[in-house]
1. Considering (1) surrounded by 16 or more Cβ atoms within 10 Å (Cβ to Cβ); (2) in contact (Cβ under 8 Å) with a residue 60 or more places away in the chain; (3) assigned to a helix (DSSP H, G or I), say which one R188 fails and leave the rest.
2. Give me the pairs, please: first residue somewhere in region 122-142 and hydroxyl-bearing (S, T, Y), second residue anywhere and modelled with pLDDT of 95 or more and part of a strand (DSSP E or B), beta-carbon distance under 6 Å, and either six or more positions apart or on two chains.
3. Kindly check whether there is at least one residue in region 128-144 that is within 14 Å of the ligand (Cβ to nearest atom), buried (at least 24 other Cβ atoms within 10 Å of the Cβ) and within 26 Å of N272 (Cβ to Cβ).
4. State all residues of region 145-176 that are away from the ligand (no atom under 15 Å from the Cβ), surrounded by 15 or more Cβ atoms within 10 Å (Cβ to Cβ) and not β-branched (V, I, T); if no residue qualifies, say none.
5. Of all residues in region 275-297, which are among the β-branched types (V, I, T) and over 23 Å from P236 (Cβ atoms)?
6. Take region 49-82 and flag every residue that is more than 24 Å from I279 (Cα to Cα) and assigned to a helix (DSSP H, G or I).
7. Would you mind telling me which numbered condition in (1) near the ligand (Cβ under 9 Å from one of its atoms); (2) more than 24 Å from the chain's Cα centre (by Cα) F181 fails?
8. Can you tell me which residues in region 218-264 are within 16 Å of the ligand (Cβ to nearest atom) and assigned to a loop (DSSP other than H, G, I, E, B)?
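The values are calculated or read from the model by the stated rules, or taken from the named source; none is laboratory data. All figures in this text were calculated on a predicted structure; none of them were measured in a lab. Using ideal geometry, Cβ is built from the backbone for each residue, glycine included, and neighbour counts are taken over all protein chains shown.
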Amino acid sequence: MNRRRELLMSMAAGAVAGGLPGWAHADGYPTRPVKMVIPFPPGGSTDIVGRLLATRLSEPLGQTVVVENRGGAGGTIGAAEIARATPDGYTIGIATVSTCGTAPNIYPKLPYDPIKDYQTITNIAAVPGIIVVHPSFPARNFAEFIKVLKANPGRYNYASSGAGGVGHMGMEMFKIQSGTFMTHIGYRGAGPALTDVLAGNVPIMWDNLSSSLPYIKNGKLIAIGLAYDERIPQLPDVPTFIELGMKDYEATTWYGLIGPAGMPKDIVAKLNAESVKIIHSNDFKARLLDSGAFPIGDTPEHFAATIAKEVVKWKKVADYAKVKL
Ligand code: GLU
């Protein structure tokens, strides 16, 4: 069924169900489970942050929010699925810096427009970037890391959450700024990448903190530095790359709630109000912070402006680092 037909049918259904002319609307919404598409597999930061919100949203909505992981192609497969869904509030999903900031500048034929094809709901949280190594890698800090890489150009591989994503872009920038060389191995998400790094198959990873944090804490990974503008309370001893002398080197990722463009305004308002209430509640904030994520919870307009700025920011990085697929 094409999108226009679906739209007309759901308008008709809304008119019959609510006895009102026009669109599906928030009265009674949702009357059935809501699907949340997470464009990366379990184990990555998108799944960690998205699932935290999905679990909590079910209660105020009075319907289960069912998570569906749709990983692949740097998150662009799941992102395309969100863009193509019927805009009735029953399919929502998570946008990340990779699907809506970096990929649009790198994928030659992206099946969605990161600005026009989505309705933003709220940006949930920001997560610092981090470089970690397996304990068998012969470096315990930034200085040793650089020394080993410079002594062995091209000998080491690094893992990322996907080709064209923030981990890939972040490390390519790092290589240019530090004068080092490593070979990229892109995975379907940070979850599968971490599995290989923890097994010692790939020694280095550019990750988003939430997925690595438990392994840094239990010593299974060593943190080399944070791609963030300041140190964080979760890892007070890990320096930022900026303080280590890498000018402006920062790559914060964000995870926001979106749906397809064309959603009824009152459904957007309801999803925004309930999500923001959760994100700003003390226990949810504490859970995010424990996961290495910093709460946001803004308006749909503010989140849309963030995406627009991020597309421009990552275009400059893509051009500078000459990342091509
Ligand atoms: N936002 C991260 C990325 O796009 C998430 C990776 C993941 O969840 O696997 O690289």
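1. The one condition R188 does not meet is (3).
2. That search, which allows pairs on different chains as well, returns T122/L257.
3. Yes, region 128-144 contains a residue that is within 14 Å of the ligand (Cβ to nearest atom), buried (at least 24 other Cβ atoms within 10 Å of the Cβ) and within 26 Å of N272 (Cβ to Cβ).
4. F145, L149, Y156, N157, K175
5. V276, I278, I279, listed by residue number.
6. Residues satisfying the conditions are A73, G74, T76, I77, A80, E81.
7. Looking at each condition in turn, F181 falls short on (1).
8. Matches in region 218-264: L221, Y228, E250, A251, T252.
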